[in-house]
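Peer 1: Dumping the structure here so I can ask a few things about it.
The values are calculated or read from the model by the stated rules, or taken from the named source; none is laboratory data. Since the structure is predicted, the reported quantities are computational estimates derived from the model, not experimental observations. As a convention, Cβ positions derive from the backbone with ideal geometry for all residues, glycine included, and neighbour counts pool all protein chains shown.
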Amino acid sequence: MAKVKWGISTSPEFLKSLDFIVGVLNKKHSINTNRSEIIEVLLKPALNKIIMNKEFEMVLKEIQENRTYNYPIILPYKPIKELSKDQEKTTFGVRINKDIKKYIDQIKNNSRDLNLSRSEIVELILYAFFKQKDFKPYEKVRELAILKRKGKL
């Protein structure tokens, strides 16, 4: 499947968490992965759910709440600082398949009134992923990476 390269902006804390997951998977589980693959395997199920269930209002609500409230991201070893709209962001390149980009563009187009960027949409989907209760993101990412590589995702 063809890949499209595009960048996202996110907080340094978020990037640190993403790097933590990459490190755990690469070192403890001997999976040679990277930020882009992790973001893709995390986004694909969330985007499919949003598109299939027409849950655009849920995404809009998350975006509105994210712009108003501070959400903590909790990882198993080290919690992330609460999010704020003035938080410093960092940029890194991500390669995703064209279908995921189309879904993100659909969300963006259906959210014109909020003037959303792709980066903000991706960041919010990932925040929602990380803030689930009793959730071990490194285990879920590992499972999704294996399924993706077997062509079963």
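Peer 1: Which residue is farthest from residue 13 (Cα to Cα), if the candidates are limited to the range 93-125 and must be in contact with a strand residue (DSSP E or B) (Cβ under 7 Å, 6 or more places away or on another chain) and of a type in the set (A, V, I, L, M, F, W, C)?
Peer 2: Filtering first and then ranking leaves 96.
Peer 1: List every residue pair whose Cβ atoms lie under 7 Å apart, where the two residues are 6 or more positions apart in sequence or sit on different chains, the first residue falls within the range 104-129 and is at pLDDT below 85, and the second residue, located anywhere, is surrounded by 15 or more Cβ atoms within 10 Å (Cβ to Cβ) and among the acidic types (Asp, Glu).
Peer 2: Taking only residues 6 or more apart or on different chains, the pairs are 124/62; 128/62.
Peer 1: Further, regarding this structure: Just to be sure I understand, how many residues within the range 113-130 are within 19 Å of residue 22 (Cα to Cα) and either among the small types (Gly, Ala, Ser) or over 11 Å from the mean Cα position of the chain (by Cα) (or both)?
Peer 2: Residues of the range 113-130 within 19 Å of residue 22 (Cα to Cα): 122-123, 125-130.
Still in the running and either among the small types (Gly, Ala, Ser) or over 11 Å from the mean Cα position of the chain (by Cα) (or both): 128.
Of the residues in that region, 1 qualify.
Peer 1: Hey, can you tell me all the residues within the range 90-107 that are farther than 23 Å from residue 33 by Cα and either among the charged types (D, E, K, R) or surrounded by fewer than 17 Cβ atoms within 10 Å (Cβ to Cβ) (or both)?
Peer 2: Correct list: 102, 105, 106.
Peer 1: Hey, another quick one. Among the residues of the range 108-153, write down those that are of a type in the set (A, V, I, L, M), surrounded by fewer than 15 Cβ atoms within 10 Å (Cβ to Cβ) and in a loop (DSSP other than H, G, I, E, B).
Peer 2: none
Peer 1: Still on this model: Those residues that are free of Cβ contacts under 8 Å to residues at least 24 places away in the same chain, within 16 Å of the chain's Cα centre (by Cα) and under 16 Å from residue 153 (Cβ atoms), I need them from the range 41-66; list them, please.
Peer 2: From the range 41-66, those free of Cβ contacts under 8 Å to residues at least 24 places away in the same chain are 49, 52-55, 57-58, 61, 65; that's our starting set.
Within this subset, residues satisfying the condition of being within 16 Å of the chain's Cα centre (by Cα) are 49, 58.
Once the filter is applied, which keeps residues that are free of Cβ contacts under 8 Å to residues at least 24 places away in the same chain, within 16 Å of the chain's Cα centre (by Cα) and under 16 Å from residue 153 (Cβ atoms), the range 41-66 yields only 49.
Peer 1: Something else: Taking the condition of being touching a Leu at 6+ places or on another chain (Cβ under 8 Å), crowded, with 16+ Cβ neighbours inside 10 Å and not hydrophobic (A, V, I, L, M, F, W, C), how many residues in the range 14-62 meet it?
Peer 2: Qualifying residue count for the region: 5.
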